[in-house]
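See below for the structure under consideration.
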Amino acid sequence: MKTFTIIGGVNGAGKSSLTGVLRGQRKDLGVVIDVDKIAAAKAGGDNLKGGKIAVHCIRDCLEKGVCFTQETTLNGFTTAKRASAAGYYIRLFYVGLDSLDESLQRIENRVAHGGHTIPADTVKRRFASRWAAVAEVLPYCDEAVFYDNYNGFVEVAEYRNGEFLLKGDYRPAWVLELQAYLAEQ
């Protein structure tokens, strides 16, 4: 089955770390498309050039009908619509954070350890529109799993058959905000 896996979340949430965990657990991620890694390896650190290379990789995967995974903040995201039209099974693994400050602190920590930065105004804009971005992609998803990353990845919700369902007893603020947002749509 051709599968498109989305690793979503705001900047600094831990998308790349979750991808690493999933790589250890699953064998069906296919080609992993991470703009940040592409920019560092093939575009001299230029995220715009890395993004263009990533778009080419996505098109190539869709044309060949191969499984692929994309790390994304979901802002301006259109790949799910194209993958759905191409007959892909689509799943989302979303990593949430409670606050903008937490997102900014995680990015600051990443930079201190040699990682890439993101302009604060971009992070703020993406954080403010995160629930709208999730709501836009969910109708294309055959399944979705939501993780909190405060202290490791804890599964806190899932989306199946059009329903958003909380899991377990742990309820971070962000998952309750998302639940309320989706209920209003």
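Stretch Lys27-Glu143 to full length: gain in nm at 0.36 nm per residue minus the Cα-Cα span?
Using 0.36 nm per residue and subtracting the Cα-Cα distance, I get 40.0 nm.
Which residues make up the longest stretch of the chain clear of trypsin sites (Lys or Arg not before Pro) that lie in a DSSP loop with no more than 15 other Cβ atoms within 10 Å, not counting the sites?
Counting at most 15 other Cβ atoms within 10 Å as exposed, the longest clean stretch of the chain is 28-166.
Could you work out the local net charge near Lys42, counting Lys and Arg as +1, Asp and Glu as -1, over the other residues with Cβ closer than 13 Å to its Cβ?
That works out to 0.
Among Glu71, Glu63, Glu136, whose mean-square fluctuation peaks in a Gaussian network model of the chain (Cα, cutoff 10 Å)?
Glu63
Can you work out D for the chain in µm² s⁻¹ from Stokes-Einstein, where Rh is the Kirkwood radius over C-alpha pairs, the temperature is 4 °C and the viscosity is 1.567 mPa s?
Estimated via Stokes-Einstein, D reaches 77 µm²/s.
Might you tell me the accessible area per residue for the range 30-70, computed with a 1.4 Å probe and given in Å²?
On a per-residue basis, 56 Å².
Would you work out which of Ser84, Val31, Gly44 lies farthest towards the positive end of the dipole of the range 31-88? Charges go on Cβ: Lys and Arg +1, Asp and Glu -1.
Projecting each Cα onto the dipole axis, the largest value belongs to Ser84.
Using a 1.4 Å probe on the protein heavy atoms, what percent of the accessible area of the chain belongs to carbon and sulfur?
Ligands and nucleic acids excluded, carbon and sulfur reach 50 percent.
Provide, as a two-decimal number, the C-alpha radius of gyration of the range 41-83 over 2.2 N^0.38 Å, N being how many residues it has.
1.20
Roughly how far apart, in whole Å, are the Cα centres of the range 128-185 and the range 26-61?
The two parts, judged by their Cα centres, are 26 Å apart.
Quickly estimate the mean residue ellipticity at 222 nm for the chain, helices only: each DSSP H run with n ≥ 4 gives -39500 (n - 2.57), and the total goes over all residues, rounded to 500.
Taken over the chain, the calculation gives -14000 deg cm²/dmol.
Quick one: of Lys15/Lys64; Lys2/Lys124; Lys27/Lys124; Lys49/Lys81; Lys42/Lys167, which pairs are farther than 28 Å apart, Cα to Cα?
Over 28 Å apart, Cα to Cα: Lys2/Lys124; Lys27/Lys124; Lys42/Lys167.
Report the local net charge at Ile7: Lys and Arg +1, Asp and Glu -1, summed over other residues whose C-beta lies under 13 Å from its C-beta.
Once all neighbours under 13 Å are counted, the net charge is +2.
Report the charge-dipole magnitude of the chain in Debye, nearest 20, computed about the Cα centre from +1 at each Lys and Arg Cβ and -1 at each Asp and Glu Cβ.
The calculated dipole for the chain is roughly 720 debye.
The values are calculated or read from the model by the stated rules, or taken from the named source; none is laboratory data. Just so it is clear, the structure is predicted and the values come from calculations on it, not from any experiment. We place every Cβ from the backbone using ideal geometry, glycine too, and count neighbours over all the protein chains shown. Quick note on the areas: whole protein, heavy atoms, side chains included, nothing else; ligands and nucleic acids left out. Shrake-Rupley method; radii C 1.70, N 1.55, O 1.52, S 1.80 Å.
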